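Take a look at the structure below.
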Amino acid sequence: MELTREEENMLRGESGESLSTAYRILLAIGEATDAEKLVPVQWAHISGANYNTIGDSGMNFLEGFSKNAHVKIRTTVNPVGFDRNKLGNIPDSFISKQMDIMRSYEMLGAVPSFTCIPYEIFDIPNNGSPVSFGESSAAIFANSILGLFSNRESGLSSLASAITGKTPYSNLQIESFRHAKVAIKTDFDLTSELDYGLLGFFVGNSVEDNCVAFSEGKENISLVNAKALSAGMGTSGSCGMFTKVDGTQQEIISCGKEELLGIKEQLNTADAGDLIVLGSPQLGLNELKLFTKLIQGKKLKKRCIIFCARAIHDQAKQLGVTDQIERAGGEFMCDSCACLTPLITRADFDSVVTNSVKAAYYLNKSNKLGVSLKDLKNIVKEYAD
Amino acid sequence: MIAGTNCRKIVGGHATGAALITNERINFLSMINQENGIVEDNQHELFGSPVKNTVLIFPGSIGSSVGAYSIFSLKMNLCAPAAIICMGKADIVTASGCAISNIPLVDKLDNTSFIVIKPGMQVNVDADQSLVSIRSPTV
């Protein structure tokens, strides 16, 4: 990859250590993806904010990194480990380390959004705008639904984009890479958001290309299902975009009902849950309204935690949506998400029930809980009356 | 040294370690214990293997974008691979994680070299010279 003279100077450290580190990261990913140059991006969305995921080493790295750097473009940040207003039983040491990470991002000048669904909160740049999204589900959603151009950036590469305003010109930043060679053929109707999540997980397992095609295009898929599909794909694989079948695909992979059942069996590690977990990705306004409709006049029989962006929560509150959910027994957790949350551990729960394939994967693999996977309609049917 | 092959440098440096080889991709956030470097996902073919001081030879990373920080954590906890070789092409998570961890990373080896390198062999990765070589022919 060719760097400009100015970029070379920054790589050598003439503008400080953080910019040098950022260019080292961009150079490595540029080489890996065969980029010829760096190009400007309009928005960085950074992953790597939850202390449970990046640990002491990540916290210390960010503390040093943020001392002599500042974001150059709009920069938003993924969820952290807890709700800033509901600290509950979280250990003091966790709180102080998490706060340290949050302070570092604020020092950098990032918007303390603590959300994995920035696309439901912030203005969306024009179709075709280059961005650098770290959160895997958000990168896939941005490419597939919003027409933004983002690679599946990492926590570190999205951070590098934030302070340089750049990303390598490679893969999904280039129009020609945004056409699928592989099509996924399903011979049954996908009936719930859970089916879309499972399909996403299947695709992540089986397609390593940048882009994959489905029979359903972005015009036909609902926001809720698109989020579930993006999160499933992000969890199991490296593919960064889905598009509609257009007859040019050279390879067709069939995904029958039994393939989805196989994945469900792999991820479904409990028959029932002590706790209902909703929100990975965090729920948006649409999903909250849908949930409200489903539980109208009912009471939840188990504790139910809803992970939600603070901005969405505040909007929903004004509309009376949060009141209705709380009356039914739901609890909101803002700023955080179901993945690697310190709020749901083996010490308090044996198993949980969720409609999110991504939550099911990480709650089992990382938090070691049993997970019962059900779609939202069935969760309400079984856990509310 | 009995066999060597060219490769592409992604992150510079050089290191030697025992080859740890898998054809399965890795989610660095969820599959490897960051405190001790042991693969703890019982569905992965490397289940139970430590990555510490090895030359990890694998197709690439999947899943969480935070995996780059997980590679850095392994390094800070002194249980990271000594070097990493990606079969095919290195990916963004692995490349960025190695870049800040100073773990030599190379990719694009000749296909035949994977027949030569067997698990446990001492492999030398010299990213700066774009060279991978086997130090000992036996395991």
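The values are calculated or read from the model by the stated rules, or taken from the named source; none is laboratory data. Here the structure is a predicted model, which means the values were calculated and not measured. Note that we place each Cβ from the backbone using ideal geometry, even for glycine, and neighbour counts take in every protein chain shown. Keep in mind that these areas ignore ligands, DNA and RNA; they rest on the heavy atoms of the full protein, side chains included. Shrake-Rupley method; radii C 1.70, N 1.55, O 1.52, S 1.80 Å.
Tabulated data
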{"read-out": "Any hit, the stretch A:341-354, residues being under 20 Å from residue B:32 (Cβ atoms), open to solvent by 10 Å² or more (accessible area, probe 1.4 Å) and at pLDDT 95 or above", "value": "no"}
{"read-out": "Given (1) open to solvent by 40 Å² or more (accessible area, probe 1.4 Å); (2) without any contact (Cβ under 8 Å) to a residue 60 or more places away in the chain; (3) more than 21 Å from residue A:118 (Cβ to Cβ); (4) assigned to a helix (DSSP H, G or I), number of the condition residue A:292 does not satisfy", "value": "(1)"}
{"read-out": "Criterion: in contact with a strand residue (DSSP E or B) (Cβ under 8 Å, 6 or more places away or on another chain), part of a loop (DSSP other than H, G, I, E, B) and not assigned by TED's automatic domain parsing to the domain that holds residue A:120 - qualifying residue of A:322, A:341", "value": "A:341"}
{"read-out": "Residues satisfying the stated conditions in the stretch A:309-320, i.e. open to solvent by less than 10 Å² (accessible area, probe 1.4 Å) and in contact with a helix residue (DSSP H, G or I) (Cβ under 7 Å, 6 or more places away or on another chain)", "value": "A:312, A:316"}
{"read-out": "Count - residues of the stretch A:1-52 that are outside any loop (DSSP other than H, G, I, E, B) and either within 17 Å of residue B:66 (Cβ to Cβ) or not basic (Lys, Arg) (or both)", "value": "30"}
{"read-out": "Identity of the residue in the stretch B:17-38, touching a His at 6+ places or on another chain (Cβ under 8 Å) and not aliphatic (A, V, I, L, M), that ends up nearest to the other protein chains (Cβ to nearest Cβ)", "value": "B:24"}
{"read-out": "Residue match in the stretch A:266-274 (condition: part of a helix (DSSP H, G or I) and in contact with a strand residue (DSSP E or B) (Cβ under 8 Å, 6 or more places away or on another chain))", "value": "yes"}
{"read-out": "Given (1) of a type outside the set (A, V, I, L, M, F, W, C); (2) open to solvent by 10 Å² or more (accessible area, probe 1.4 Å); (3) within 14 Å of chain B (Cβ to nearest Cβ); (4) within 18 Å of the chain's Cα centre (by Cα), index of the condition residue A:222 fails", "value": "(3)"}
{"read-out": "Given (1) open to solvent by less than 40 Å² (accessible area, probe 1.4 Å); (2) within 14 Å of chain B (Cβ to nearest Cβ), index of the condition residue A:43 fails", "value": "(2)"}
{"read-out": "Filtered residues of the stretch A:222-258 (kept if assigned to a loop (DSSP other than H, G, I, E, B), out of contact with any helix residue (DSSP H, G or I) (no Cβ under 9 Å at 6 or more places or on another chain) and not charged (D, E, K, R))", "value": "A:245, A:247, A:248, A:249, A:250, A:256"}
{"read-out": "Residues located in the stretch B:68-94, provided they are open to solvent by less than 10 Å² (accessible area, probe 1.4 Å), within 7 Å of chain A (Cβ to nearest Cβ) and touching a Ser or Thr at 6+ places or on another chain (Cβ under 8 Å)", "value": "B:68, B:69, B:73"}
{"read-out": "Residue list for the stretch A:280-294, restricted to those being more than 24 Å from residue A:371 (Cβ to Cβ) and of a type in the set (A, V, I, L, M)", "value": "A:285"}
{"read-out": "Residues that are at the interface with chain B (Cβ under 9 Å from one of its Cβ atoms), under 15 Å from residue A:163 (Cβ atoms) and open to solvent by less than 20 Å² (accessible area, probe 1.4 Å), drawn from the stretch A:10-28", "value": "A:21, A:25, A:26"}
{"read-out": "Single match in A:276, A:252, A:263 (criterion: touching a residue at least 24 places away in the same chain (Cβ under 8 Å), of a type in the set (A, V, I, L, M) and open to solvent by 80 Å² or more (accessible area, probe 1.4 Å))", "value": "A:252"}
{"read-out": "Unique match (being among the polar types (S, T, N, Q), surrounded by fewer than 18 Cβ atoms within 10 Å (Cβ to Cβ) and modelled with pLDDT of 95 or more) among A:215, A:206, A:236", "value": "A:206"}
{"read-out": "Candidate set from the stretch A:326-340 (those that are open to solvent by 10 Å² or more (accessible area, probe 1.4 Å) and more than 13 Å from the chain's Cα centre (by Cα)); member that is farthest from residue B:33 (Cα to Cα)", "value": "A:327"}
{"read-out": "Test: residue in the stretch A:358-370 that is more than 23 Å from the chain's Cα centre (by Cα), more than 14 Å from chain B (Cβ to nearest Cβ) and open to solvent by less than 30 Å² (accessible area, probe 1.4 Å)", "value": "no"}
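One line per residue, one yes/no per condition, for (1) touching a residue at least 60 places away in the same chain (Cβ under 8 Å); (2) more than 13 Å from the chain's Cα centre (by Cα):
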| site | (1), (2) |
| --- | --- |
| A:126 | no, yes |
| A:140 | yes, no |
| A:150 | yes, yes |
| A:166 | yes, yes |
| A:182 | yes, yes |
| A:196 | no, yes |
| A:201 | yes, yes |
